[in-house]
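Read the structure below first, then the notes.
The values are calculated or read from the model by the stated rules, or taken from the named source; none is laboratory data. A quick note: this is a predicted structure, and the numbers were derived from the prediction, not measured. FYI the Cβ positions are ideal-geometry reconstructions off the backbone, even for glycines, and counts take in every protein chain you see. To get the accessible areas, we keep the full protein, side chains included, count just its heavy atoms, and leave off ligands, DNA and RNA. Shrake-Rupley method; radii C 1.70, N 1.55, O 1.52, S 1.80 Å.
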Amino acid sequence: MLAARRKLVIQARHLTPAAVLIPIFYKGGAPHLLLTKRTTKVLHHKGQISFPGGSRDPEDASLLSTALRESQEEMGIHSGDIQVLGELDDIITNTRVVVSPYVGTIPYPYQFTVNWEEIEDVLEAPVATLLEHSHLDASAVTPVRPYPAYTFKYDNHIIWGVTARILRQFLDVAFGPWSGA
């Protein structure tokens, strides 16, 4: 499904390239996603829920390399333990970053090595819960933000912003379009 789809690629000199990994694992027979809560010590996105990832470094051979490197740096996930399933469409943030999301499976249980300077908490979110606790705010569409705002609730956390947009895209591709709550 993911490997065969054509992704929307956005390239522009004024945009900073970045990549994230959407790690999927099966716990109790049900699909889960690995998300992190960023610390208040990091430079950007303090306290936000995110997927492992970040900006492309000059030594990264590709954006997939960026996603894999960042997953290793933030969570200690070794690239050899990730089975990459495919890519989602690039997404532009309001801070002029273009994010390339990659989807991959990881074994479970996994011995994470968390970088506590960057990561405050690790979330193992069941996909079913995310599907049940979604919200679409179509009124958020404005000339400045020409897309609706999505939020997801999980375990007293609110997932919003670009992470919610990536999550929504993943759920649409993996499980079919849904209307939100």
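Please report the net charge: other residues with Cβ closer than 12 Å to the Cβ of residue 15, K and R +1, D and E -1. Walk me through the numbers before you get to the answer.
Numbers: positive: 13, 56, 96; negative: 90.
It works out to a net charge of +2.
So what is the relative contact order of the chain, in percent, for Cα pairs below 8 Å that sit 6 or more residues apart? Don't jump to the answer; show the numbers that get you there.
Details: 356 pairs, mean separation 45.7, N = 181.
Taking the mean separation of contacting Cα pairs over the length of the chain, I get 25 percent.
Using a Debye calculation, one point per C-alpha and no hydration shell, please list log10 I(q)/I(0) for the stretch 1-106 at q = 0.10, 0.21, 0.23 Å⁻¹ in order.
At q = 0.10, 0.21, 0.23 Å⁻¹ the computed log10 ratios are -0.28, -1.22, -1.40.
Counting heavy atoms of the protein chains only and a 1.4 Å probe, report the per residue accessible area for the chain as a whole number of Å².
Numbers: 9570 Å² over 181 residues.
Accessible area per residue, the chain: 53 Å².
Per 0.36 nm of contour for each residue apart, how much would the distance between residue 81 and residue 9 grow if the chain were fully extended, relative to their Cα-Cα spacing?
That pair, residue 81 and residue 9, stretches by 23.3 nm at full extension.
Using the Karplus curve 6.51 cos²θ - 1.76 cosθ + 1.60 with θ = phi - 60°, what ³J(HN,Hα) values do you get for each residue of the stretch 70-86, in whole Hz, with x for Gly and Pro?
5, 5, 5, 5, 7, 10, x, 7, 6, 4, x, 8, 9, 9, 6, 9, x
Hey, got a sec? Which GluC sites (Glu not before Pro) in the stretch 15-84 land in a DSSP loop and have at most 11 other Cβ atoms within 10 Å? Before the final figure, lay out the partial values.
Details: sites: 59, 70, 73, 74; in loops: 59.
Loop-located and lightly packed - 59.
Under 4 °C and 1.567 mPa s, how fast does the chain diffuse according to Stokes-Einstein, given a Kirkwood radius computed over C-alpha pairs? Answer in µm²/s, whole number.
Numbers: Rh = 16.6 Å.
Value of D from the Cα-based Kirkwood radius: 78 µm²/s.
Between residue 117 and residue 132, what is the label-to-label distance in nm when each label sits 7 Å out along the Cα-to-Cβ direction?
3.9 nm
Can you tell me what share of the DSSP beta bridges in the chain is antiparallel? A percent to the nearest 5 is fine.
Working: 29 of 38 bridges.
For the chain, the DSSP antiparallel bridge percentage is about 75.
How much net charge surrounds residue 57 when only the other residues with a Cβ under 13 Å from the Cβ of residue 57 are counted, with Lys and Arg +1 and Asp and Glu -1? Working shown, then result.
Numbers: positive: 56, 69; negative: 59, 60, 70, 73.
Taking every Cβ under 13 Å from that of residue 57, the sum is -2.
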